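The values are calculated or read from the model by the stated rules, or taken from the named source; none is laboratory data. Remember, predicted model here, so these are calculated numbers, not experimental data. Note: ideal-geometry Cβ built from the backbone for every residue, glycine included; neighbour counts use all protein chains shown. Quick note on the areas: whole protein, heavy atoms, side chains included, nothing else; ligands and nucleic acids left out. Shrake-Rupley method; radii C 1.70, N 1.55, O 1.52, S 1.80 Å.
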Amino acid sequence: FDIKLERIRELDPHNPILNQIGHGYSLKGIDEKEKFEHPIPVGSIEKTKDLTELQFFLEDGATHSTKIDGNSIVCYYKNGNLFKVVTRGARNIGIDRTAKFVNIVPHRIPLNGYIAVRGEAAIKKSVYTIENGFDVSKSSRNAAAGAISRKDDWESVFKYVDFIAYTFINCETGEDLYSAIDW
């Protein structure tokens, strides 16, 4: 399947089937898996394990932290109002998860225009416990991914998911708005 999919991408990169196939499908209700094409490039957080390489990443005003082991999520706002929360997905096409994230991300931000807030959906180590129903022999990243994609009983796990924002981008201009936010 993957080989044939890649062949279609080579032969006809704008073929509409490329937006339909894969794990996304339409299902009305809380787990609506509507595909969404990101208006900005959505990759992974830049990271390094080599401390000497860290100097390359650290420019004036740069932020750094230990790795957040979660799932990439993008919240989209129009004139400060939340309108879509989407997984990173593949080849810049993610899955709409707004219905699940609406209670854990801000409904408003103090920025106008079409803004993308990139971040990670993660579960804190302090709540990733057997007492809270987690299989701690597996990674909390997998638990966060499972909560994001689970159809049934998702609330029992999703209540432990947090969203950690790390980038604010104007989708129309590509401008990095990181310094415009009062951290």
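Relative protection proxy for 135-141, 122-128, from highest mean packing down: 122-128, 135-141 (other beta-carbon atoms within 10 angstrom).
For the stretch 94-183, the solvent-accessible area works out to 55 Å² per residue, with a probe of 1.4 Å and every protein chain left in place.
Which pairs break 31 Å Cα to Cα here: 78/100; 4/124; 4/138? Pairs exceeding the cut-off: 4/124; 4/138. The value for the stretch 110-183 of Rg(Cα) / (2.2 N^0.38 Å) is 1.41. Loop-located GluC sites (Glu not before Pro) in the stretch 145-183 (DSSP state not H, G, I, E or B) with no more than 13 neighbouring Cβ atoms inside 10 Å: 172, 175. Rolling a 1.4 angstrom probe over the stretch 67-164 with all protein chains present gives an accessible area of which 49% lies on carbon and sulfur atoms.
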